[in-house]
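Q: Have a look at this one.
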Amino acid sequence: MKLKKESIGYVVAFTFVVCMAFVALLAVANQLTVERVKANQSFASHFAALKAFGLADASTARNEVESLYAAQVRELAAPSPGVSAYSAKIGENGFVAVKLTNPGLWGPITAIVAADPKAERLRGLEILEQQETPGLGGRIGEAWFSAQFAGEKVGADGRIDVAQGSGKGDPDKENSKVDAVTGASRTSDFVESLVAKALDEIRRIGGAL
Amino acid sequence: MSLAAKKVIRDGLWTNNPIFVQVLGICSTLAVTNNLYNTMVMVLGVTFATAMGSWTLSLLKDLIPRKVRMIVQVLVLSFYVIIIDILLRAYQPAISKQLGPYVGLIITNCILMGRAEAFAAANKPGLSFLDGIMNGLGYGWVLLCIAAVREFLGFGSLFGIKVTGASFTPWTIMVMAPSAFFLVALALWGANTYKAKAEAKSKAGAGAGKPGAANPGAAAAAKR
């Protein structure tokens, strides 16, 4: 029997078979890599927590991350759904960090924020996941942006302003203000509210410690 | 190398360059060209997806009914884009994180569909694969040139390595999308003027002595 390529039966069967075949291949590829992806995510989260606590930086060797994390960071009970909490003792001082997800311009932003238990001074901030505009808001993932938060004094209102500045980073650690990303004021507002929310959580956890 | 293959290579890189002549893939040009590293990965992704997509579609072309041709093209191309995403997430998490939404953006690149429809639908798999590679590279070299200018002026660096002194003031506009618009326009203008001049010259050479032989080329350039 000769197949009629334009017949409705052939078109439906062909489309069905092709879709099934490619989707099956994708499912297999996804299944084969799912464990690796999970391991990568947990590694990224541990690394970000260490960086937020100031215990690691970009130069830290990859194989040291897990041992450092196990030795220095303690995972606390989740203070509220969707929020993870950590503590670490550095020298004489204890610090608290929270990992939380807050809305961004295009999608959720996930970050780890660390501070002293009273949330008077930030220890550090690491953006874990974001879907902001590439080249604009997406630049919140760059090192110069997050580095501004390390050691920044929290304002009397319990917040840190993310406001327009030189766009190169604000070196003043006492003014409770960091530079926003030029051309991305909306994203910068979302980061500001994420940090404020994180500081509230830290204050709550720190008070109960 | 066969004549057809040579033509495919020349077309992809220059005479039918996706950016200069087909004016495809402009959307991604705006988004990724503010630093060289992201541009490089985007170019590799587009080249891989175009080449593999064109090859697969060329293999299937005698089986695909005309009515669902485009649906199948989108399916196959997005398959390769998702494969790139999965592989990067599993084996290159750092790159995957840095690129974020860029990888998904590969599918919005008109070069993929353009080549599938214009070339792979009527040519042999091997040649379609080569056509995909060459179009990817033709798109790539133009993008890398633009990215080099934007990163140099916008950040004072190349591939993230600082190349200017501390006194250099970055041109913020170069980091933002508008600068890509005018750089692409300048590149289009330059390339097409050069091409029109070269055409006029070869015509003048062929019709030696004929007065005004250079004019048709110039008229064509003006029309463009």
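Where a number appears in this text, it was derived from the coordinates with a stated rule and is not lab data. All values reported here derive from a predicted model rather than from experimental measurement. Positions of Cβ are backbone-derived with ideal geometry, glycine not excepted, and every protein chain shown enters the neighbour counts.
Q: When you look at the Cβ of every residue in A:32-39, what mean number of other chain Cβ atoms sits within 10 Å?
A: Counting other chains' Cβ atoms within 10 Å and averaging over A:32-39 gives 3.
Q: Now, a different point. Looking at B:60, B:178, B:80, which one has the Cα that reaches farthest to the positive end of the dipole of the protein assembly as shown (charges on Cβ: Lys, Arg +1; Asp, Glu -1)?
A: Sorting the options by dipole projection puts first B:60.
Q: Can you tell which of B:60, B:143, B:99 shows the greatest fluctuation in a Gaussian network model of chain B with Cα springs below 10 Å?
A: Checking each option, the largest mean-square fluctuation is seen for B:60.
Q: Between segment B:148-173 and segment A:104-153, how far is it from one alpha carbon centroid to the other, in angstrom?
A: Their Cα centres are 24 Å away from one another.
Q: While we're here: Quick one: Kirkwood hydrodynamic radius for segment B:1-125, alpha-carbon pairs, angstrom, one decimal?
A: Hydrodynamic radius (Kirkwood, Cα pairs) of segment B:1-125 is 15.3 Å.
Q: Sorted from largest to smallest, which semi-axis lengths in Å does the alpha carbon gyration tensor of segment A:85-191 give for its equivalent ellipsoid, taking the root of 5 times each eigenvalue?
A: Largest first, segment A:85-191 gives 23, 16, 11 Å.
Q: Something else about it: Given the -39500 (n - 2.57) contribution per DSSP H run of 4+ residues, what per-residue ellipticity at 222 nm results for the protein assembly as shown, rounded to the nearest 500 deg cm²/dmol?
A: That calculation yields -18500 deg cm²/dmol at 222 nm.
Q: Output the relative contact order of segment A:75-208, whole-number percent, from Cα pairs under 8 angstrom with separation of 6+ residues.
A: 22 percent
Q: How big is the dipole moment of segment B:52-156 about its Cα centre under a simple scheme where the beta carbon of each Lys and Arg is +1, that of each Asp and Glu is -1, and everything else is neutral? Debye, nearest 20, please.
A: Once rounded to the nearest 20, the dipole reads 220 debye.
Q: Express in whole angstrom the spacing between the alpha-carbon centres of segment A:31-87 and segment B:79-117.
A: That distance is 26 Å.
Q: So which residue, out of B:136, B:160, B:126, gets the largest mean-square fluctuation from a GNM of chain B using Cα contacts under 10 Å as springs?
A: Evaluated over chain B, the most mobile residue of the options is B:160.
Q: For segment B:1-121, give the magnitude of the charge dipole about the Cα centre (Cβ charges: +1 Lys/Arg, -1 Asp/Glu; no others), in debye to the nearest 20.
A: The dipole of segment B:1-121 has a size of about 200 debye.
Q: Give or take rounding to whole Å, what are the principal axis extents of the alpha carbon atoms in the protein assembly as shown, in descending order?
A: 87, 65, 35
Q: Students often get this wrong, so check it: of A:89/A:118; A:99/A:168; A:89/A:177; A:38/A:99; A:118/A:177, which have C-alpha atoms separated by over 21 Å?
A: A:99/A:168; A:89/A:177, as the Cα separations exceed 21 Å there.
Q: Any lysines with Cα under 23 Å of the residue B:7 Cα? List them, leaving off those in the same chain fewer than 8 positions away.
A: Counting by Cα, and skipping residues close in sequence, residue B:7 has these lysines nearby: B:61, B:124, B:195, B:197, B:201, B:203.
Q: Most mobile of A:141, A:165, A:91 per a Gaussian network model of chain A (Cα springs, under 10 Å)?
A: Checking each option, the largest mean-square fluctuation is seen for A:91.
Q: Could you list A:106, B:55 in order of exposure, starting from the residue whose Cβ has the fewest other Cβ atoms within 10 Å?
A: With the sparsest Cβ surroundings first, the list reads A:106, B:55.
Q: What's the exposure ranking of A:120, A:129, B:151, going from fewest to most Cβ atoms within 10 Å?
A: Result, fewest neighbours first: A:120, A:129, B:151.
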